[in-house]
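Accompanying notes for the structure given below.
The values are calculated or read from the model by the stated rules, or taken from the named source; none is laboratory data. In this text the structure is predicted, and so the values were computed from the model without any measurement. Note that each Cβ is placed from the backbone with ideal geometry, even for glycine, and that neighbours are counted across all protein chains shown. Accessible surface areas use protein heavy atoms only, side chains included; no ligands, DNA or RNA. Shrake-Rupley method; radii C 1.70, N 1.55, O 1.52, S 1.80 Å.
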Amino acid sequence: MIQEDRQGADRPVIRLDLALVHYPVCNKHGETIGSAVTNLDLHDIARAGRTFGIDTLYIVTPFADQQALVKDILEHWQTGHGASYNPKRKEALSLVRICHDLAELYALVEAKWQQRPAVLATSAKPQARALGFAEARQRILAGEPHLILFGTGWGMTPEVLADVDGLLPPIAGFSEYNHLSVRSAAAIVLDRVLARQ
């Protein structure tokens, strides 16, 4: 799907959302927990999302105190002093929405696009049902709605991963170390599926 941008150049219609999942995720012992929202994750993933042209960044947490933290951060940058101090940050954070749980997330995204999106998940561990970045990019650039889930803590629970349409490959380099921040992983994934070539 192609549309013309402000400079008259053709560009694809991107119907891609990201979700940063804080519950249900695992701790290092594999137990199901809820993780804390971090200020840096909101800012950096929103900035990457705005750069690559995603539609919405959803923050998934059922915890009232964590939702209040997100609202306070957004309020500062959307309507408070931060809005005039750094309009670019205001623009990036305008992508952020809060969701209580995955059920609400899936319902919101389906209602927005008026069809169910393909739901992809990320994991630092190799998984079955892997979908390569090239194929994901092709589908996204064709205008198909997609939702990519990023887990916090030690990753999303097996139940969440079992319920998605596909899993993107782990981000890996030429070392045995594989413990990227979710901010870094999100930026790399976006570059692989949406970078201009």
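Rounded to whole Hz and in sequence order, give me ³J(HN,Hα) for the stretch 142-159 from the Karplus expression 6.51 cos²θ - 1.76 cosθ + 1.60, θ = phi - 60°, writing x for Gly and Pro.
7, x, 6, x, 9, 10, 10, 9, 10, x, 9, x, 9, x, 6, 5, x, 5
Roughly how many debye, to the nearest 20, is the charge dipole of the stretch 15-92 about its Cα centre, given +1 on each Lys and Arg Cβ, -1 on each Asp and Glu Cβ, and no other charges?
Values: 8 positive and 9 negative charges, 55 e Å.
Once rounded to the nearest 20, the dipole reads 260 debye.
Mind giving me the nanometre distance, one decimal, between the label points for residue 13 and residue 68, set 7 Å out from Cα along Cα→Cβ?
So the two model labels end up 4.2 nm from each other.
Report the percentage of all Cα-Cα pairs in the stretch 1-94 whose separation exceeds 18 Å, rounded to a whole percent.
56
Please report, as a whole percent, how much of the solvent-accessible surface of the chain comes from carbon and sulfur atoms (probe radius 1.4 Å).
51
In nm, give the distance between the simple-model label positions of residue 107 and residue 76, each being 7 Å from the Cα along the Cα-to-Cβ direction.
3.2
Counting only helical runs of four or more DSSP H residues, what would the 222 nm mean residue ellipticity of the chain come to if each run contributes -39,500 (n - 2.57) and the total is spread over all its residues?
Values: 8 runs with 80 residues, N = 197.
Calculated at 222 nm, the ellipticity per residue is -12000 deg cm²/dmol.
Could you check how many percent of all C-alpha pairs in the stretch 87-197 are farther apart than 16 Å?
Across the stretch 87-197, Cα pairs with separations above 16 Å total 64 percent.
Across the chain, how large is the tail of the calculated P(r) beyond 30 Å, expressed as a percent of all Cα pairs? Can you show the working numbers first?
Working: 3475 of 19306 pairs.
Of all Cα-Cα pairs in the chain, 18 percent lie more than 30 Å apart.
Along the charge dipole of the chain, which of 127, 54, 114 sits closest to the positive end, that is, farthest toward it, with unit charges on the beta carbon of Lys, Arg, Asp and Glu (+1, +1, -1, -1)?
After comparing all options, I get 54.
Cross-link partners among lysines for residue 28, C-alpha distance below 25 Å, same-chain residues fewer than 8 apart left out?
Output for residue 28: 125.
Rolling a 1.4 angstrom probe over the protein heavy atoms, how many square angstrom per residue are accessible across the chain?
54
Express in nm, to one decimal, how much length is gained between residue 85 and residue 191 on full extension, taking 0.36 nm for each residue of separation and deducting their alpha carbon distance.
The residue 85-residue 191 span can extend by a further 35.3 nm.
Anyone know which of 130, 92, 103 comes out most mobile in the 10 Å Cα GNM of the chain?
Looking only at 130, 92, 103, the biggest GNM fluctuation is shown by 103.
In the full protein assembly as shown, how much of residue 98 is accessible to a 1.4 Å probe, in Å² to the nearest 10?
Looks like 40 Å² after rounding.
I need the Debye-formula profile for the stretch 68-118: one equal scatterer per C-alpha, no solvent, reported as log10 I(q)/I(0) at q = 0.15, 0.23, 0.25 1/Å, two decimals.
-0.53, -0.81, -0.85
Can you work out the Karplus-derived ³J(HN,Hα) for every residue in the stretch 161-166? Use 6.51 cos²θ - 1.76 cosθ + 1.60 with θ = phi - 60°, whole Hz, and x for glycine or proline.
5, 6, 9, 9, 7, x
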